[in-house]
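What follows is a single structure, written as structure tokens, with notes after it.
What follows draws every value from the coordinates through simple rules; no lab data is involved. Quick caveat, the model's predicted, so the values are computed rather than measured. Backbone-built Cβ (ideal geometry, glycine too); neighbour counts: all protein chains shown.
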Amino acid sequence: MQEFIGNLIYDFGDLIGLGELIFPVLMGLFLFFLLFLGFRVAIALAASGFLFLYLAGEFSLLNLLPIRIFGVLDNQTLMAIPLFVFMGVMLERSRMAEDLLDVIGHAAGGLRGGMGLAIILVGVLMGASTGIVGATVVTLGLLTLPVFLRRGYSKSLACGTICASGTLGQIIPPSLVLILLSDILGIGLGTLFAAAMLPGLLLAGLYAIYMLGIGHFKPEMAPAIPEEERAAISRGELIKNLFVVVLPPIFLIFAVLGSIIGGIAAPTEAASMGGIGSILIAIIGKRLTKKVIIETVRGTMRISAMVFFILICAQAFSLAFRGLNGDELIVMLFQFVPGGVTADLVFVLVMLFLLGFFLEWIEICYIVLPLFWPVLDKIGVDPVWFAILAGVVLQTSFLTPPVGWALFFLKGVAPPEVSSKDIYIGVMPFVGLQLVGLVLLFFYPSIATWLPKAIGW
């Protein structure tokens with residue numbers, strides 16, 4: 001039966017002019033078919049790889065699979081993932097975002113749009129401390145959306161600000177996306193973290209300018225916090241809270257990222273210190289309870305197991321795709337793209353953007369990028385610049401209606417009076433700002449490459 005079906009596929013490939021390349025084509029289509037049927041991503045990846053190796057009569061290639069799986073589990077860079085996840089989950093479970101929002105919101109409360117600025121700043125800090133987009137969007141949605149609505153903010157503006165701020169964790173270090181890209185593209189993690197700093201802050205700055213503009217030109221959409229509410233907290237108490245609540249997570253972030261970027265500590269070592277630091281912050285905030293510890297450990301195990309299970313199953317898919325000459329298929333695909341290096345790069349970025357509607361970032365990083373990157377590497381594309389471009393594109397994709405992941409995360413925790421239409425309308429200006437940032441990064445690569453060069457990476 002296997003030989004009969006295999007020969008039928010070969011004959012079909014010859015008929016349409018693809019020959020043996022029909023196997024990687026059908027393999028990719030079969031993967032998407034399983035995903036649309038609702039299969040788990042990891043199961044769909046492994047099943048596609050095993051099935052088509054069997055049909056092609058190349059099942060012996062699976063002898064290489066144990067070595068590839070061991071390479072994933074033994075990878076020093078990837079070992080930092082559970083530690084960074086622990087740091088982020090501990091800060092999330094200990095309700096750091098709630099404290100940050102309360103303090104920063106009151107500090108900027110006299111400004112029209114000040115609450116929105118507070119959300120953007122908390123999104124930056126949460127992104128830099130968790131690196132987990134879904135967790136950040138859900139946390140910000142639960143904590144801030146009711147507050148936004150109670151204080152008279154436009155529903156669409158509130159939703160857009162939360163989604164956009166929550167997805168900053170996609171690009172701001174220590175983003176899990178950057179950790180995977182570091183491994184895939186063979187770039188030092190410190191280099192990639194340094195490269196992502198300015199683009200991440202650029203996007204946050206664009207958001208802040210937009211929020212200030214809304215507060216100035218349409219104050220009814222972003223009113224200031226009422227004076228009587230601000231008067232309830234004295235200036236001295238506010239300053240004290242800034243030191244107690246805001247400075248510790250900022251110090252932790254700078255210590256962790258600075259030690260990696262500065263070459264003082266390896267990523268795994270810095271992530272370990274970040275985990276310890278998150279526990280100390282929870283202790284300082286008197287939030288370290290037995291329940292928080294249990295929830296943090298469970299959340300860390302769940303997220304880490306999900307990431308590594310997908311990475312392991314992706315090895316089967318990758319091994320099959322390349323073993324069945326999928327690399328030749330990718331090269332042939334690029335030959336149909338006119339316009340040289342720039343056109344090839346734009347083509348890949350558009351593909352990543354579209355795939356971001358259907359696949360999570362882990363699958364895109366470990367399935368799609370390893371296929372496209374060798375071609376871009378041959379034509380001389382800077383890997384650091386490309387990694388940051390890919391991160392910003394994925395972030396934009398996660399924000400874009402109708403199927404951006406961030407929109408689904410927020411809708412899942414939004415009050416009943418907030419409709420999908422409110423969320424879609426709200427994110428569109430921020431999608432535009434993302435595209436502005438992406439265009440600036442595309443035409444001025446030094447935004448990403450200057451800092452790594454300046455510190456000598």
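Points to keep in mind about this one:
- Residue ranges 172-185, 365-378 sort as 172-185, 365-378 when ordered by packing (mean number of other C-beta atoms within 10 Å per residue, highest first).
- In degrees, nearest ten, helix 22-37 long axis to first principal axis of the chain (Cα): 40
- Packing-based ranking, highest mean first, of 341-347, 311-317 given that Cβ atoms within 10 Å are counted: 311-317, 341-347
- Relative contact order of the chain: 26 percent, from C-alpha pairs under 8 Å at least 6 residues apart in sequence.
- Helical contribution to [θ] at 222 nm, DSSP H n ≥ 4, -39,500 (n - 2.57), averaged over the chain, rounded to 500: -24500 deg cm²/dmol
- Spatial separation of Cα centroids for region 419-457 and region 41-57, in angstrom: 37
- Within the chain, the longest run free of exposed loop sites, counting GluC sites (Glu not before Pro) that sit outside DSSP helix and strand states (H, G, I, E, B) and have at most 12 other Cβ atoms within 10 Å, spans 1-219.
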